[in-house]
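Data first, discussion second: the structure below is written as structure tokens.
The values are calculated or read from the model by the stated rules, or taken from the named source; none is laboratory data. As the structure is a prediction and not an experimental result, all values here were calculated from the model. Note that we place each Cβ from the backbone using ideal geometry, even for glycine, and neighbour counts take in every protein chain shown.
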Amino acid sequence: MSLDLVLFGGTGDLAWRKLMPALFQAFRHGTLPAQTRIVGIARDDMDDDAYRALIRARFTQVELDKQPAQGEFDRFAALLHFVRLDLSQTGDYARLVGFLAQRPAQTVVMYVATAPTLFTTVCEQLAAAGLNKSHVRIVLEKPLGHDLASNRAINEAVRRAFSERQVFRIDHYLGKPSVQNLFALRFGNALFEPLWRRENIANIQITIAEDLGVEKRGSFYDGTGALRDMVQNHALQLLCAIGMEPPINAHADAIRDEKLKVLRSLTPWTEHTLTQHVVRGQYAAGTVQGAAVVAYRDEPGVAAQSVTETFVALRTEIANWRWAGVPFYLRTGKRLAARDASIVVNFRPAPHAIFDVPAGAANRLVINLQPRDGLELHLLALGQSGRRQSAALAPVQLDLDFDRRFGAERVGAYERLLLDVIDGRLNLFVRSDEQEAAWRWVEPLLDAWKASGDAPRAYAGGTWGPSAASAMIARDGHCWAEEC
Ligand code: BG6
């Protein structure tokens, strides 16, 4: 097969941090089609060799299984090309048309890794240049808009140029091996399904915690915040994966239909829940892993009086027969105590106790997403005290470590997603109606925050966020996994 992969934003952060390394790994694993050209697009004035040198220099700053040896990089670099193009200049697209026409490829992937404000222009220009035929696929990186209206406008522009089958909207969380395993756990095993419902489950907690701050993305992040950056997409996709009904098959639309139903079943916000079931925070100075860190407002690119949230915790419910009344807690933030993404399923306690049970003890399934990837099943067993069997139950744990089990064979999220685009598999990509449903649900929060004019609650860097997040969950008689 012959492939042209065109990277709009070819010199941008995403290109050299994530996409090029992923393409390089695919090259190393021998999974790129034999006749592949990777075409970087940007306004800079450079030729193929200068582009190859730029990517080579950047590779030393990114995480790879192992850094390429010179010969190995040279073989990969031979696939790289560069076309200078100002995305807003209609005439410039002719250069891309000319380049692609030199060797018509069977599959062309247009990867739009630019600011979302350019998505509409790029789609219109590609259509005008005839680069939207059925062998062309388009990949769009988040954020797709900053609210429902802007998201719809982008989706409409995309639809005018491409059919839905050609559109790959990335949520890189769906490409993580641990998230794949979550689908496998639920729909490849019969064991949990009968338990997976309100009768047995007390609550579910989804945490995506980062210990990093906003790094060099201060000015982008300050106009975005945690709700748009993480909740609208990654956290809600995880919620769908844990809460959806079993799809009728593994085809893209069967999966996406079920995810959409979850998003549409989320309980609508009310005046009460907007204040009682949401906590937003912003990091103050603190200590992370022993090192002093500055406050969010002192980060480069961030406004001195910024009211942008770097932390959100919220409680919601999925209003259907399976889940009615079960709280789902979502939490994400920057500069928290640790990098840790996990889903904790807390089961209800045994209905009648014949043993001494430690207060609050019950079964728990922990799905570790990162940095560890695996499952922990927390059970209760009779403890041993001296030479006598104790009558009290003590927690024990079954541990399954997928990293140890599959370590070297695993494929990273971007590599996996890029290969899926090349093969035309849409399962792990988000459909426009899912995105719109997610925006529709988060928008009342954005509106309420804007209307209130209140600042987010401050939390010290290196903690688990504002104490109000613990108070919120405690009102239901529950606690976050690290607290109990
Ligand atoms: C991105 C967000 O989508 O996901 C970043 O824009 C965040 O702010 C990142 O840091 C987290 O991804 P990962 O894969 O490191 O958990």
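Of all residues assigned to segment 166-174, at least one qualifies as being under 23 Å from Glu443 (Cα atoms), of a type in the set (Ser, Thr, Tyr) and not in a loop (DSSP other than H, G, I, E, B).
Every residue, every condition in (1) free of Cβ contacts under 8 Å to residues at least 24 places away in the same chain; (2) among the acidic types (Asp, Glu); (3) assigned to a strand (DSSP E or B), yes or no:
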residue: Trp16; (1), (2), (3): no, no, no
residue: Phe27; (1), (2), (3): no, no, no
residue: Gly40; (1), (2), (3): no, no, yes
residue: Asp45; (1), (2), (3): no, yes, no
residue: Arg52; (1), (2), (3): no, no, no
residue: Met110; (1), (2), (3): no, no, yes
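Checking the stated criteria, Leu428 turns out to be modelled with pLDDT of 90 or more, within 25 Å of Asp253 (Cβ to Cβ), within 29 Å of the chain's Cα centre (by Cα) and within 16 Å of the ligand (Cβ to nearest atom).
Condition test on Ser163, is it under 26 Å from the mean Cα position of the chain (by Cα), within 24 Å of Leu446 (Cα to Cα), without any contact (Cβ under 8 Å) to a residue 60 or more places away in the chain and more than 16 Å from the ligand (Cβ to nearest atom)?
On the way: under 26 Å from the mean Cα position of the chain (by Cα): yes; within 24 Å of Leu446 (Cα to Cα): no; without any contact (Cβ under 8 Å) to a residue 60 or more places away in the chain: yes; more than 16 Å from the ligand (Cβ to nearest atom): yes.
Spelling it out, it is not the case that Ser163 is under 26 Å from the mean Cα position of the chain (by Cα), within 24 Å of Leu446 (Cα to Cα), without any contact (Cβ under 8 Å) to a residue 60 or more places away in the chain and more than 16 Å from the ligand (Cβ to nearest atom).
Checked against the criterion of being under 26 Å from Val293 (Cβ atoms) and surrounded by 19 or more Cβ atoms within 10 Å (Cβ to Cβ), the candidates Val179, Val231 yield just one match: Val231. Scanning segment 211-246 for residues that are closer than 20 Å to Arg457 by Cα, within 11 Å of the ligand (Cβ to nearest atom) and either of a type in the set (Lys, Arg) or assigned to a loop (DSSP other than H, G, I, E, B) (or both) turns up Asp211, Leu212, Gly213, Val214, Thr224, Arg228.
Scanning segment 295-342 for residues that are within 14 Å of the ligand (Cβ to nearest atom), of a type outside the set (D, E, K, R) and either surrounded by fewer than 18 Cβ atoms within 10 Å (Cβ to Cβ) or not in a loop (DSSP other than H, G, I, E, B) (or both) turns up Tyr296, Gly301, Phe311, Val312, Thr332, Gly333, Leu336, Ala338, Ala341, Ser342.
Only a single criterion out of (1) assigned to a loop (DSSP other than H, G, I, E, B); (2) within 30 Å of Asp257 (Cα to Cα) is not satisfied by Ala361, namely (2).
Checking Leu174, Leu191 one by one, the residue that is surrounded by fewer than 19 Cβ atoms within 10 Å (Cβ to Cβ) and hydrophobic (A, V, I, L, M, F, W, C) is Leu191 and no other.
Kindly indicate which of Ala184, Ala202 is outside any loop (DSSP other than H, G, I, E, B), loosely packed, with under 14 Cβ neighbours inside 10 Å and either within 16 Å of the ligand (Cβ to nearest atom) or of a type in the set (Gly, Ala, Ser) (or both).
Numbers: Ala202 fails: loosely packed, with under 14 Cβ neighbours inside 10 Å.
Only one candidate passes the filter, namely Ala184.
The number of residues in segment 187-245 that are within 18 Å of the chain's Cα centre (by Cα), aliphatic (A, V, I, L, M) and closer than 28 Å to Pro349 by Cα comes to 10. Apart from one condition, Asp399 fits all of (1) over 24 Å from Ala157 (Cα atoms); (2) surrounded by 15 or more Cβ atoms within 10 Å (Cβ to Cβ); the exception is (2).
Those residues that are touching an Asp or Glu at 6+ places or on another chain (Cβ under 6 Å) and farther than 12 Å from Val430 by Cα, I need them from segment 220-238; list them, please. Walk me through how you get there before you give the answer.
To start, the set of residues in segment 220-238 that are touching an Asp or Glu at 6+ places or on another chain (Cβ under 6 Å) comprises 225-226, 233, 237.
Of everything in segment 220-238, those that are touching an Asp or Glu at 6+ places or on another chain (Cβ under 6 Å) and farther than 12 Å from Val430 by Cα turn out to be Gly225, Ala226.
Out of (1) part of a helix (DSSP H, G or I); (2) within 16 Å of the ligand (Cβ to nearest atom); (3) among the aliphatic types (A, V, I, L, M), what's the single condition that is false for Val139? Only one criterion in (1) part of a helix (DSSP H, G or I); (2) within 16 Å of the ligand (Cβ to nearest atom); (3) among the aliphatic types (A, V, I, L, M) is unmet by Val139, namely (1).
Quick check: anything in segment 248-259 of a type in the set (S, T, N, Q), free of Cβ contacts under 8 Å to residues at least 12 places away in the same chain and either away from the ligand (no atom under 16 Å from the Cβ) or over 30 Å from Phe429 (Cα atoms) (or both)? Among the residues of segment 248-259, at least one is of a type in the set (S, T, N, Q), free of Cβ contacts under 8 Å to residues at least 12 places away in the same chain and either away from the ligand (no atom under 16 Å from the Cβ) or over 30 Å from Phe429 (Cα atoms) (or both), which makes the answer yes.
Kindly indicate whether Lys259 is of a type outside the set (S, T, N, Q) and surrounded by fewer than 22 Cβ atoms within 10 Å (Cβ to Cβ). Here the answer is no, as Lys259 does not meet what is asked. Here the condition is being touching a residue at least 60 places away in the same chain (Cβ under 8 Å), in contact with a Phe, Trp or Tyr (Cβ under 8 Å, 6 or more places away or on another chain) and not charged (D, E, K, R); of Phe76, Phe59, Phe82, it holds for Phe82 alone.
Among the residues of segment 133-149, is any over 15 Å from Ile41 (Cα atoms), among the basic types (Lys, Arg) and surrounded by fewer than 17 Cβ atoms within 10 Å (Cβ to Cβ)? Within segment 133-149 (the criterion being over 15 Å from Ile41 (Cα atoms), among the basic types (Lys, Arg) and surrounded by fewer than 17 Cβ atoms within 10 Å (Cβ to Cβ)), the answer is yes, since at least one residue qualifies. Candidates Ala469, Ala458: the one that is part of a helix (DSSP H, G or I) and over 28 Å from Gln180 (Cβ atoms) is Ala469.
Is it the case that segment 444-463 has a residue that's within 16 Å of the ligand (Cβ to nearest atom), in contact with a strand residue (DSSP E or B) (Cβ under 7 Å, 6 or more places away or on another chain) and among the hydrophobic types (A, V, I, L, M, F, W, C)? No: segment 444-463 contains no residue that is within 16 Å of the ligand (Cβ to nearest atom), in contact with a strand residue (DSSP E or B) (Cβ under 7 Å, 6 or more places away or on another chain) and among the hydrophobic types (A, V, I, L, M, F, W, C).
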